[in-house]
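Colleague: Take a look at this one; I'll ask things after.
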């Protein structure tokens, strides 16, 4: 890949002949990771660079560095400094070619021969970078202590490259921020070269997002935007929006069909007539078996029962037919079964659960689990596996012992070997990081929201060491005038792990009373009077996406899959990464392509029209985008070449540009203002790659974007109505969403509709 940056690392890092240390080997002792090294009769200075100040402080404390300086902490032979999100970004278009400053169809496609990086234009960023640059210029060894993931690797590599680091580099790779984990990580430092594929995958992602985003956004804005609105296109955001729009159209175009259910009450138990499966249902089952051969039934089940009742007259005739005929029990079968504990959490499943239980947004959940990680009570959060590696098993008793608030559940596990299930411990299912679990550190000072998230994680972890839940399922068949009826009941024989979720189970039982009910004692051959009934029903449209169901759909490239094993198999083709999906959803909100109605995600008129406008399937297909994501993961595993990925991406972008330019249909996006939301400022959102940045970054991005040139200004949003000053604002209608009222928080006024997506905020 052509980059205007230093060549890849060697085995010893960024070494040069001038450093005099190219062939030096730095060995950190296992038991004392923070000693002062001596080389050539002088102290060797080791620079550690962390992902943020709070993490740097934790590391410095363990290393014995306690002398605080501006932008770093020094002591014991170490200088511990930090970044705060991205300090560097890919260059703007005009920084490659001045002619790209002006938005013009004639300049597309914009594909630089070499990609370069630059500092983000922000005084705070520039100041911190120069501190880092100065430290690295004098360092004998650099230890990359960045976030242990793809994005974290990219952030730190870019900083080291921009700073011109020339000394060897080691990598700290840890899954929690406890003192024990940090000490162990420093005792087993890795060569930076081991993470070159991870860096190449992150770099490919950044370049891919830049290439597609810059070109497609300018292309569609100039071609279809009517000079009124910037039409933002993204490699991940556009297929995600397409999922929401498609579901919305399915709901709008859904034609309900009337049908009737035949039931009867015998001995205070409701039996339902067995209905033969339709051809569509049989075809759907066959497709599912094809996708998941492991779940294929050994023997096909007989398609028995009456045809679906689609007209009332037929139903009335059946009702009349069985009314005077006694009901007879023809068969009773009981099947015992077991239910394994729920899987441990990866980031997506945690976000799904928090959205279902607490209505937390995906982004809010990510912030909360990140906070728990930084408070040392939970392990690394940005993971896509629900498994643990075998080396975690010996540590589990101590982790359980540390969960003192859950002593009632951990006490039965003490004194005996813990259950070790293959559904929990599997080295083949763990790559960089394991599932999210507690660290064993006693939580202190958690907010109510953090407590809820931690509670979910702790209970899941305890549950995997409990025995399976044992139950029996009883199915009773009966008939009246040769029409078959059925009822099923479930009885818990041994709750096993379910005792840990007793309250949740009670709530679920209320929702699923038919599945959990206990049946009376029936006997084969018994008969008696019954009370038949005919209930009118209507087919229901698919439900709108919530953040929970959208996250699942992104994880499986648009297919909603309940089965854990099948979902794991499809993760390779998911849209985006666990760590970026929340940001993608937030981006769609900010660009006002979607809005929230209670928990439902609704596409705005502009979002709908944008997807309808795009005829190039590559831009909006969830499955195709999933394939690209799979290739990025293969780059991480060194089974696919980053250069090939970028070549294919550039070819795709070129084909899209020529396809759109040849469109003579005069299609346009009609900008329809959605009253509850405001029109976004184009310059803040047009061409900023999707990266984790500090709060000041959007301001910086808007400055740089304005320099690149922009299309004619979008239509200005009407001025916000003036609000009273001070506490007089409380109770007034929200000027942003028009639905909620103004509330007073600790540091700012906000909207009562904040849970539903309103972002109004006015600091005191």
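Colleague: Where does each of 476, 265, 236, 275 land when they are ranked from fewest to most other beta-carbon atoms within 10 angstrom?
Modeller: Result, fewest neighbours first: 265, 275, 476, 236.
Colleague: Follow-up. Quick one: 365, 741, 217, fewest Cβ neighbours within 10 Å first, how do they rank?
Modeller: Sorted ascending by nearby Cβ count, the order is 741, 217, 365.
Colleague: Let me ask something else. Over segment 128-255, with a single point scatterer placed on each C-alpha, what log10 of the ratio I(q)/I(0) does the Debye formula yield at q = 0.09, 0.15, 0.17 1/Å?
Modeller: -0.47, -0.85, -0.95
Colleague: Between residue 130 and residue 639, what FRET efficiency follows from the Cβ-Cβ distance if R0 is 41 Å, with the result rounded to 0.05?
Modeller: That pair, residue 130 with residue 639, gives E of 0.55.
Colleague: For all pairs of alpha-carbon atoms in segment 307-356, what percent lies in each bin of width 5 Å, listed from the first bin to the last filled one?
Modeller: Per 5 Å bin, starting at 0, the Cα pair percentages come out as 4, 12, 10, 8, 9, 7, 8, 10, 13, 12, 6, 1.
Colleague: For q values of 0.16 Å⁻¹, compute log₁₀ I(q)/I(0) with the Debye formula on a Cα-only model of segment 38-188, without solvent.
Modeller: Evaluating at q = 0.16 Å⁻¹ gives log10 I(q)/I(0) of -0.86.
Colleague: Expressed as a whole percent, how much of the Cα-Cα distance distribution for segment 214-272 exceeds 17 Å?
Modeller: Everything past 17 Å amounts to 67 percent.
Colleague: Between residue 67 and residue 179, what is the label-point separation in nm under the 7 Å Cα-to-beta-carbon projection?
Modeller: Label at residue 179, label at residue 67, 2.3 nm between them.
Colleague: What distance in nm lies between label points placed 7 Å from Cα along the C-beta direction at residue 339 and residue 559?
Modeller: Placing both labels 7 Å along Cα→Cβ, they lie 2.6 nm apart.
Colleague: Taking every DSSP beta bridge with both residues inside segment 38-188, roughly what % is antiparallel (nearest 5)?
Modeller: 50
Colleague: Convex hull volume of the Cα atoms in segment 515-558, per residue, in Å³?
Modeller: It is 199 Å³ per residue.
Colleague: Which value does Rg/Rh take for segment 321-387 over its C-alpha atoms, Rh per Kirkwood?
Modeller: 1.45
Colleague: How big is the gap, in Å, between the Cα center of segment 587-612 and the Cα center of segment 168-207?
Modeller: 38
Colleague: Let me ask another. Taking a point 7 angstrom from the Cα of residue 431 along the C-beta vector, which residues in segment 341-383 have backbone N less than 12 Å away?
Modeller: Label zone hits: 383.
Colleague: Under a crude label model (7 Å from the Cα following the beta-carbon direction), how far is residue 473 from residue 493 in nanometres?
Modeller: 1.4
Colleague: Need the full-extension length gain, residue 304 to residue 732, defined as separation in residues times 0.36 nm minus the C-alpha distance. One decimal, nm.
Modeller: Gain on stretching residue 304 to residue 732: 147.9 nm.
Colleague: Grab the beta carbon distance between residue 617 and residue 411, set R0 = 56 Å, and tell me the FRET efficiency rounded to 0.05.
Modeller: For R0 = 56 Å, the calculated efficiency reads 0.50.
Colleague: Given the Cα-Cα distance of residue 747 and residue 188 and 0.36 nm per residue of separation, how much length would full extension add, in nm? Working shown, then result.
Modeller: Numbers: separation 559, 0.36 × 559 = 201.24 nm, distance 4.35 nm.
Contour length minus the Cα-Cα distance gives 196.9 nm.
Colleague: Once you have the Cα-Cα distance between residue 420 and residue 358, take 0.36 nm times their residue separation minus that, and quote the gain in nm to one decimal.
Modeller: Details: separation 62, 0.36 × 62 = 22.32 nm, distance 3.11 nm.
Stretched fully, the residue 420-residue 358 segment lengthens by 19.2 nm.
Colleague: For 203, 350, 222, what ranking results if the residue with the fewest other Cβ atoms within 10 Å of its Cβ goes first? If you can, show how the numbers build up before the last one.
Modeller: Details: 203 24, 350 28, 222 21.
Ranked by crowding around the Cβ, least crowded first: 222, 203, 350.
Colleague: How long are the three semi-axes of the equivalent ellipsoid of segment 347-463, in whole Å, if each is the root of 5 times an eigenvalue of the C-alpha gyration tensor, listed from largest down?
Modeller: 22, 18, 12
Colleague: Within segment 116-149, list the residues whose amide N lies under 18 Å from a label point set 7 Å along Cα→Cβ of residue 43.
Modeller: 135-143
Colleague: Also, quick follow-up: For segment 587-675, build the convex hull from the C-alpha positions and give me its volume per residue in Å³.
Modeller: Working: hull volume 10.9 nm³, N = 89.
Looking at segment 587-675, the number lands at 122 Å³ per residue.
Colleague: Rounded to the nearest 0.05, what FRET efficiency do residue 99 and residue 258 have when you use their Cβ-Cβ distance and R0 = 51 Å?
Modeller: Numbers: r = 63 Å, r/R0 = 1.24.
Step by step, r from the Cβ atoms, then E = 0.20.
Colleague: Let me ask another. Using a 7 Å offset from Cα along Cα-Cβ at residue 442, what residues in segment 374-405 end up with backbone N under 15 Å from the label point?
Modeller: The answer is 377, 399-405, whose backbone nitrogens lie closer than 15 Å to the label point.
Taken together, the values in this text are just the output of simple stated rules run on the coordinates, not laboratory data. Given the structure is predicted, the values throughout are model-derived calculations rather than measurements. Glycine gets a Cβ as well: all are built from the backbone with ideal geometry, and neighbour counts include every protein chain shown.
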